[in-house]
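Sharing a structure, written as structure tokens. Questions coming.
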Amino acid sequence: MAIKYVKWLALCALAIFLSGCFDTTPTQTKIKLSGRTMGVDYHITYIDVAKNSEEIAKARQSAIDKLLKTVNEQMSTYDKTSELSRFNQSRSLEPFEVSPDTAKVVSESIRLAQLSEGKLDVTVGPLVNLWGFGPNMRVEKLPSSDELETAMNQVGIGKLTVDGNYLIKAIPELYVDLSTTAKGFGVDVVANYLDGEGVANYLVEIGGEARIKGRANEQRDWVIAIEKPVSSHRAIQEYISPRNNGLATAGDYRQYFEENGRRFSHIIDPDTGMPIDHKLVSVSVIHPSCMTADGLSTAIMLMGPEKGLEFARAQNLAAYLVTKTDSGFDTVYTDAFEQYLVKPVN
């Protein structure tokens, strides 16, 4: 069976970041840093007031790269020697010691799973791998019903617990995939580092997830454009200004495969074992924690347009949902999100 794969241009629906918002002055310099981490690009822009800002930037970039390397060594499923990979490979039911950071991300993932009534489930790894969206990134044929049943029996957030800095499996085959929260955590790690450096104005972005603080200059906030959910080209859906918050966007239009004209999304519903199949194509969430925004955006994507919007409103979340229609796209956002919209200037 031939399966057409469409190249994943990014880990999830991306936001496009605007540049050129600040002119260097004798007392303020706009510093831009970039690199690679977790299989995606990162971009950091911050305003510095030090006279030797360029020299300081080199040291900061080195420190940031080390921090992100550590996150990858802790939580990557692509690195077979990472903490998480070693936990997944283990068949022991005894407590498995991990770093405080990994324990923190798993604990938050469990909390969000409970909040979303199981829709966000980081134990869905066996299904993600079965559908070809895990580290092996390829399947030769669609999963059979027996394969789906076997994988479904290995999934369930109740099979994973955290006790201090220990992860505990209820079944030997349990496999944890933190792709829905770890990248957002990486953003938070960098933002917290810049906070510790006394940087008052910054924009940190890793693969489309972001955290913002302060302003781009004295006249304006940082402005971000949410990407229109189309796979053929890049276009802007909406301008927003998240202010001192994290931003994460989940979508099903960047990573998928097609078979006999049918599209299979990389977002797998733990309740069915199948890729999601509804009209909701993009969800953006603004939250003080980028890690939390990361998980919540995926949870709402899994719920679909009606239940997702109902959940976002019930939890008073700042959420922006894009739904595909026969004529294009419809957008809806919660009351909590409206304050972040950038109004057009007449």
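Computed from the coordinates by the stated procedures, all read-outs in this text should not be read as laboratory data. On a predicted model such as this, the values are computed, not experimentally measured, just so you know. Every residue, glycine among them, receives a Cβ derived from its backbone with ideal geometry; neighbour counts consider all protein chains shown.
Can you give the Rg to Rh ratio for region 121-218, taking only C-alpha atoms and Rh from Kirkwood?
Result for region 121-218 is an Rg/Rh of 1.15.
What full-extension length gain, to one decimal in nm, is calculated for Asp163 and Ala200 as 0.36 nm per residue of separation minus the Cα-Cα distance?
Using 0.36 nm per residue and subtracting the Cα-Cα distance, I get 9.7 nm.
Further, regarding this structure: Assigning unit charges at the beta carbon (Lys, Arg +1; Asp, Glu -1) and nothing else, what dipole magnitude in debye, to the nearest 20, does region 277-346 show about its Cα centre?
100
Binned at 10 Å from 0, what are the whole-percent values of the Cα-Cα distance distribution for region 33-100, short to long?
Per 10 Å bin, starting at zero, the Cα-Cα P(r) for region 33-100 comes out as 18, 36, 23, 16, 6, 1 percent.
Of the listed peptides 209-222, 82-95, what is their order by residue-averaged count of other C-beta atoms within 10 Å, with the highest listed first?
209-222, 82-95
Quick one: Karplus J couplings for region 58-73, per residue in order, coefficients 6.51, -1.76, 1.60, θ = phi - 60°, nearest Hz, x for Gly and Pro?
My calculation for region 58-73 gives 5, 5, 5, 4, 4, 5, 5, 4, 5, 4, 5, 4, 5, 4, 5, 5 Hz in order.
Could you give the nm distance between label points at Asp335 and Ser62, where each point is 7 Å from its Cα heading toward the beta carbon?
5.2
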